[in-house]
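**Q** Can you keep this structure in mind? I'll have questions shortly.
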Amino acid sequence: MSDSLRAPVTVAARSERAPAYRIAMIHTGDPNDRLHVSGLPFAASAALARAGCDVVPIRASPPTTPKTFVRRRLLAIAGHVLPSRVRELPAHVRGLRVGSVLQQAHAAAARVDRALAAIEAERPVDAIVGMCISVPLAYLATERPIIYASDATARIVLRTYPRYRRRPSQYHAECEECETRALRRASFVALAAEAATRSAVEDYGVEPERVSLVPLGCHVVPEPGERIDVEPPTRARTRLLLVASDAERKRVSLAVRAVELLRARGIGAELWHVGAPHSSLSSRAVRSFGPLRLDREADRAVHRDALRATHISVLPSVGEAFGIAPAESAHFGRPAIVSDAGGLPTVVRDGETGIVLPTSAGPAEWARAVESLVADPARYVRLATEARRRAQLEFTWDRWAERMLDLVHRAVVARSQESR
């Protein structure tokens with residue numbers, strides 16, 4: 001049994017209500033860095049430009065010096081090769097000089113305010129937009145309307161991401177202070193997942209009318225007009241795809257164990273993995289591609305080929321802000337099996353576009369979920385078709401920009417009315 005779907009040619013999103021706005025886009029790193037914050041700020045800025053906005057980048061962080069570049073590269077390498085217990089040591093133990101979050105927030109706000117003043121000396125901006133910018137936004141002095149976009153709140157990240165959960169209480173308190181100030185300062189808050197919108201309202205007291213659900217777009221999608229074939233898995237061949245750079249948080253070892261259980265039951269299961277090396281990946285049931293970079297077209301091509309060749313996306317995370325990996329697999333007509341952590345239930349609708357399991361589920365439950373799709377090809381095709389349809393409607397950067405422009409328009413109109 002097979003089916004096929006054809007990808008539409010992407011059309012730039014444009015708001016019929018809003019004019020072409022001049023937007024100052026705050027970046028916490030290099031605006032041209034396709035990898036910073038998982039590529040979200042770069043993709044968001046590009047989408048707003050495609051939508052007709054005059055996007056002016058503002059960098060909240062100081063320029064990278066050769067010394068800081070080398071230090072970051074060494075840390076990135078260490079993150080792949082050192083044991084997790086060494087990577088998670090406090091910064092001062094590892095010999096790094098790191099100022100407090102509040103110090104960074106004040107310095108970043110001052111840089112943004114200076115840059116904004118220089119930009120507005122030429123021509124005013126209509127609004128300020130930023131992705132994951134609570135630190136520079138916390139003490140910003142401008143009175144321009146601000147739309148703060150993020151994939152999660154600080155509370156979610158600090159509680160569910162192991163690398164942040166283990167940090168000192170002072171770090172947590174300062175992050176919470178910045179998040180509270182940023183959410184209070186923003187005209188509107190655009191959050192990518194339902195768990196994050198609830199957190200903004202319940203944990204931080206943001207008025208519900210200022211909070212909007214605005215799902216993220218995807219970085220790896222089919223070529224325009226590409227034919228997407230949907231071929232259900234079989235007992236002879238079932239390929240699972242796990243995109244996991246953080247092996248601990250995304251529980252790579254659980255996914256490997258589930259595949260081994262499937263093989264023990266006579267199913268020809270194989271786990272295809274994209275991400276950093278991990279000891280559990282030495283299993284004969286695993287095919288690992290290692291880390292792939294979004295800024296390299298060759299790597300993106302490898303990623304697309306993996307999405308085409310596999311049947312099901314799996315993501316057993318204990319913490320996940322949004323879940324771009326299962327959203328990308330949906331663009332290729334692949335349903336996903338995910339945990340109920342964070343934003344994953346927003347990306348994957350249980351029983352509609354995939355299967356959502358409790359975070360407490362073990363390898364046996366994951367193996368049974370996969371086996372249920374192998375045993376029911378018609379159900380698999382239904383999930384794949386709906387996942388593809390929903391991804392095209394919801395999980396594109398042009399759709400994200402369209403929703404953001406509506407918030408920009410509302411903020412600008414409200415500010416104009418207040419000034420009369």
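**Q** Being outside the structural domain of Val252 (by TED's automatic domain parsing), under 23 Å from Arg210 (Cα atoms) and crowded, with 21+ Cβ neighbours inside 10 Å narrows it down to one of Ala401, Ala414, so name that one.
**A** Ala401
**Q** Another question about this same structure. Identify all residues within the range 111-164 that are in a helix (DSSP H, G or I) and either outside the structural domain of Leu213 (by TED's automatic domain parsing) or within 20 Å of Val318 (Cβ to Cβ) (or both); write none if there are none.
**A** Restricting attention to the range 111-164, the residues satisfying the condition of being in a helix (DSSP H, G or I) are 111-120, 134-137, 154-160, 162-164.
The answer is Ala154, Arg155, Ile156, Val157, Leu158, Arg159, Thr160, Pro162, Arg163, Tyr164.
**Q** Is it fair to say Arg293 is over 23 Å from the mean Cα position of the chain (by Cα) and basic (Lys, Arg)?
**A** Values: over 23 Å from the mean Cα position of the chain (by Cα): no; basic (Lys, Arg): yes.
Spelling it out, it is not the case that Arg293 is over 23 Å from the mean Cα position of the chain (by Cα) and basic (Lys, Arg).
**Q** If you check Ala330, Ala306, which single one turns out to be surrounded by fewer than 24 Cβ atoms within 10 Å (Cβ to Cβ) and at pLDDT 95 or above? Spell out the reasoning first.
**A** Details: Ala330 fails: surrounded by fewer than 24 Cβ atoms within 10 Å (Cβ to Cβ).
Only one candidate passes the filter, namely Ala306.
**Q** Kindly list, by first and then second residue, each pair from a residue in the range 316-332 that is at positive phi to a residue that is assigned to a loop (DSSP other than H, G, I, E, B), limited to pairs with Cβ atoms under 7 Å and residues at least 6 apart or on different chains.
**A** Gly323/Gly343
**Q** Inspect the range 359-371 for any residue being assigned to a helix (DSSP H, G or I) and of a type in the set (Phe, Trp, Tyr) and give the result as yes or no.
**A** Step one: of the range 359-371, the residues assigned to a helix (DSSP H, G or I) are 363-371.
Filter again for of a type in the set (Phe, Trp, Tyr), leaving 366.
Yes, the range 359-371 has at least one match.
**Q** Is it the case that some residue within the range 190-211 is over 23 Å from Glu320 (Cβ atoms) and acidic (Asp, Glu)? Before the answer, list the steps.
**A** First, the residues of the range 190-211 that are over 23 Å from Glu320 (Cβ atoms): 205, 207-210.
With the extra rule that they be acidic (Asp, Glu), the set shrinks to 207, 209.
Checking the range 190-211: at least one residue is over 23 Å from Glu320 (Cβ atoms) and acidic (Asp, Glu).
**Q** Let me ask something else. Which residues, taken from the range 208-236, are free of Cβ contacts under 8 Å to residues at least 60 places away in the same chain and either hydroxyl-bearing (Ser, Thr, Tyr) or assigned by TED's automatic domain parsing to the domain that holds Arg308 (or both)?
**A** Hit for the range 208-236 is Ala236, nothing else.
**Q** Any residue that is touching a Ser or Thr at 6+ places or on another chain (Cβ under 6 Å), crowded, with 18+ Cβ neighbours inside 10 Å and touching a residue at least 60 places away in the same chain (Cβ under 8 Å) - is there at least one of those in the range 387-397?
**A** yes
The values are calculated or read from the model by the stated rules, or taken from the named source; none is laboratory data. On a predicted model such as this, the values are computed, not experimentally measured, just so you know. In this analysis, Cβ positions are derived from the backbone assuming ideal geometry, glycine residues included, and neighbour counts consider all displayed protein chains.
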